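The values are calculated or read from the model by the stated rules, or taken from the named source; none is laboratory data. The structure presented is a predicted model; accordingly, all values stated were derived computationally and were not measured. Here the Cβ positions follow ideal geometry from the backbone for every residue, glycine too, while neighbour counts run over all protein chains shown.
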Amino acid sequence: MTAPDEIRAAMARKAVSLREMARRTHYDPAYISRALRGQQRASESLLRALAEALELTEEDERIAYMAAHPTRTDSTAVQALADALAAQRRADDVVGPVPLIGAAEAQREALLTMLRETRGDQRNLLCGVVSEAAQFAGWLNIQVGDYTRANALLSEAVELADDIGDSALVAQAYNLKGNIARQKKQWRAVHRNFVAAYVSADALRQKVVNGAQATSALAELGRRKEAEKMLAEVEALRDKAADADDVPGTAYWLTAEWLSMPLGHVYLALDRHDQAVEHLRHGLDSLPPGHRHALWTREAWAALEEAEAGEKRPKCS
């Protein structure tokens, strides 16, 4: 019989909310909540229904065993955790942050507990997954506007990634910190975080994105000459990245087409409206239909609208 804590952990991995579990099993959500938190005895029929609703597999059993016996962690279980996290990230593109944020926070806590007890060769692998989990929880908090919580989670992610020397994860965390600063229009902080991400990244496509964001900040700060110089550097990197198969697993969305969007923002900041429209439209059109109007695309759509309006304005002679 699956234990309540195993059910809770599986719900977090699979990004299934309490309300969704109630819908699937026809049990009262308050009863499910009390049972899973140990405030009320969970009946065998409830636990069986919850396990069946979650469609638990051998991989889930392996992860549950790993959580209970962290010193016996194996690479297969760590990979299953990484796959579960990737599924949550893709779900965010479709359903948005609100249904996922509670599960993501719970998943991060469970993984941190597991990491503290894990020994041997698998610790570094698990540490990378925990850093990704902290980043994902941070990203969800960015989307709902809790920047203080997001920054704390991202700082944790940087520490975890530094612990194992994973430059891709470090770069991604600084990228997200830069996004927070951009939402606040704190352009010096934007530049500082994205430069940190730019120099940390090894993967070309990550460097293009981070370099483009740093360039946009320079333009917003009125440092146009520096921005034009960095833009040329980033464009050269984009050409190399388009031919390279180096999409990092931590940033699966970085297709060659997607790279057009951050460059579109640069062109807009530099008042090069024709090129901004071309790049932003190309990047947005390349997204899968289910992701094209995800919450995170709003900024790109707004930029495209602004660029199109600038394109129509008469040019000064």
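With respect to A214, is the statement that it is among the aliphatic types (A, V, I, L, M) and under 16 Å from L237 (Cα atoms) true? For A214, the condition - among the aliphatic types (A, V, I, L, M) and under 16 Å from L237 (Cα atoms) - is met. In region 148-157, the count of residues that are under 14 Å from the mean Cα position of the chain (by Cα) and among the β-branched types (V, I, T) is zero. Would you be able to say whether some residue in region 131-139 is touching a residue at least 24 places away in the same chain (Cβ under 8 Å) and over 26 Å from G178 (Cα atoms)? Among the residues of region 131-139, not one is touching a residue at least 24 places away in the same chain (Cβ under 8 Å) and over 26 Å from G178 (Cα atoms), which makes the answer no. Hey, any hits in region 184-193 for a residue that's of a type in the set (A, V, I, L, M) and not assigned by TED's automatic domain parsing to the domain that holds A303? Yes; the residues of region 184-193 include at least one that is of a type in the set (A, V, I, L, M) and not assigned by TED's automatic domain parsing to the domain that holds A303. Can you confirm whether region 127-150 contains a residue that is out of contact with any helix residue (DSSP H, G or I) (no Cβ under 6 Å at 6 or more places or on another chain), of a type in the set (S, T, N, Q) and either buried (at least 22 other Cβ atoms within 10 Å of the Cβ) or over 22 Å from V16 (Cα atoms) (or both)? The answer is yes; a qualifying residue exists. Among the residues of region 157-184, those that are touching a residue at least 24 places away in the same chain (Cβ under 8 Å) and charged (D, E, K, R) comprise D163, D166, K177, R182, K184. Remark: pairs (first residue in region 282-305, at negative phi; second residue surrounded by 16 or more Cβ atoms within 10 Å (Cβ to Cβ) and of a type in the set (D, E); Cβ separation under 6 Å; 6+ apart in sequence or on different chains) = H291/D93; A294/D93. Taking residues in region 263-277 that are in a helix (DSSP H, G or I), and partners anywhere that are of a type in the set (K, R), the pairs with Cβ atoms closer than 9 Å and at least 6 places apart or on different chains are L263/R238; G264/R281; V266/R272; H273/K312; H273/R313. Would you check if there is a residue in region 200-209 being more than 20 Å from W139 (Cβ to Cβ), outside the structural domain of D239 (by TED's automatic domain parsing) and not in a helix (DSSP H, G or I)? Yes - at least one qualifying residue is present in region 200-209. Taking each residue of region 1-12 that is farther than 17 Å from A84 by Cα and looking for partners that are part of a helix (DSSP H, G or I) and small (G, A, S) with beta-carbon atoms closer than 7 Å, six or more apart or interchain, yields T2/A51; P4/A35.
Looking across region 236-254 at every residue that is closer than 20 Å to V170 by Cα and more than 14 Å from the chain's Cα centre (by Cα), the one that is modelled with the highest pLDDT is identified as L237. The requirement of being under 14 Å from R188 (Cβ atoms), out of contact with any strand residue (DSSP E or B) (no Cβ under 6 Å at 6 or more places or on another chain) and touching a residue at least 12 places away in the same chain (Cβ under 8 Å) is fulfilled nowhere in region 235-242; no residue meets it. Considering region 88-144 alone, what residues qualify as being outside any helix (DSSP H, G or I) and of a type in the set (S, T, Y)? Residue satisfying the conditions is T118 alone. Taken over region 262-271, the criterion of being surrounded by 22 or more Cβ atoms within 10 Å (Cβ to Cβ) and farther than 17 Å from Y198 by Cβ is satisfied by G264, Y267, L268.
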